[in-house]
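Beneath this line is the structure, given in structure tokens, with notes to follow.
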Amino acid sequence: MEIKTLQIPENNSDPITIFEGKAPSPLPPYDYQGFQYKTLDVKSFCKIVEAKGKPCNAVIFGNGEGFHAILDDEVTDRAKDTVTMPFTYSVQMNEWAPVLEDGHVFKLKELIDYIKRSDNQTIENFEMLLDSFRNFKYVSNVTGDFTFDNRNNYTFCVKVKDAEGTVRIPQTFLANIEIYKDSGWFQWMEIEIEIEQPKQAGEQPFFLLRCPKFPRYLQSAQENLYDQMKKELDGWLVVQGSPTKD
């Protein structure tokens, strides 16, 4: 189809658009693509669904990516209006993600600085754990096999001048973390500590922090948001899944 733009009268600042030929269906100026709302938390998502949708026609889907709502599934002659809420990590979760998702290796000073950014509300026995790492610099020998006490702590010999003692570092500790932003759902997560032995005397060991149970914690956080959604949208159709196209 040919499109011509005319100015009537000449030099008029507002041109007139004339379409010649067979008109498309629908015409471009009236080709409504649907409105896509994007929200960042459950309450905002629910407010838009309740304001723009109807319980009898709306469908809300939840899956591993987040939530997606079709506000009126009876619309067939144009694109449907939708609302989405992608799962978004909290600031705290972003700080812990390297440890929780893949495990992270630290040098001693890096580990001390990392732990110091938390507090006793986040890490159980925070001061004790931090002191253990701080005292590790006095360890006199970290080669050979490590020993464990009856509580499965790593134990190391310490020698400062003429005084001797031991440093105990736990194999695990608990951190209280909110995975998703504004969810209000905190979980005590078990984090494992592995000490990588230096290859020769005089070298500092490396510390691996990792969380093998993180997939379970992630699933629990998603289930909690799903339960929140069902509670907020009581009487609406909330399902686990995704919309598909034929």
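Of all residues in the range 217-239, those that are within 18 Å of T84 (Cα to Cα) and of a type outside the set (A, V, I, L, M, F, W, C) have Cβ atoms under 6 Å from Cβ atoms of residues that are in a helix (DSSP H, G or I) and at pLDDT below 95, 6 or more apart or on another chain, in Q228/V42. Every residue in the range 194-246 that is at pLDDT 95 or above, of a type in the set (G, A, S) and in contact with a strand residue (DSSP E or B) (Cβ under 6 Å, 6 or more places away or on another chain), please. Answer for the range 194-246, where residues must be at pLDDT 95 or above, of a type in the set (G, A, S) and in contact with a strand residue (DSSP E or B) (Cβ under 6 Å, 6 or more places away or on another chain): just A221. Take the conditions touching a residue at least 12 places away in the same chain (Cβ under 8 Å) and more than 21 Å from E196 (Cα to Cα) and apply them to A51. Does it pass? It is false that A51 is touching a residue at least 12 places away in the same chain (Cβ under 8 Å) and more than 21 Å from E196 (Cα to Cα). Of the helices (runs of 4 or more DSSP H) lying entirely inside the range 35-135, those carrying at least 3 residues that are over 21 Å from Y217 (Cα atoms) are 42-52, 108-116, 126-135. When every residue of the range 55-76 is checked against the conditions, none turns out to be farther than 30 Å from E194 by Cβ, at pLDDT below 95, hydroxyl-bearing (S, T, Y) and touching a Pro at 6+ places or on another chain (Cβ under 9 Å). Total residues in the range 83-118 satisfying the condition of being surrounded by 17 or more Cβ atoms within 10 Å (Cβ to Cβ), out of contact with any helix residue (DSSP H, G or I) (no Cβ under 9 Å at 6 or more places or on another chain) and polar (S, T, N, Q): the figure is 2.
The criterion of at least 2 residues that are buried (at least 16 other Cβ atoms within 10 Å of the Cβ) is met by the following strands (runs of 3 or more DSSP E) wholly inside the range 167-246: 172-178, 186-196, 206-210. Can we say I123 is more than 13 Å from I193 (Cα to Cα), at pLDDT 90 or above, under 27 Å from the mean Cα position of the chain (by Cα) and not aromatic (F, W, Y)? Here the answer is yes, as I123 does meet what is asked. Looking at (1) closer than 30 Å to I169 by Cβ; (2) touching a residue at least 12 places away in the same chain (Cβ under 8 Å); (3) surrounded by 14 or more Cβ atoms within 10 Å (Cβ to Cβ), can you tell me which one Q121 breaks? The single condition Q121 does not satisfy is (3).
The values are calculated or read from the model by the stated rules, or taken from the named source; none is laboratory data. Computed from a prediction, not measured in an experiment: that's the story for all the values here. Methodologically, a virtual Cβ is constructed for each residue, glycine included, from the backbone with ideal geometry; neighbour enumeration extends over all protein chains shown.
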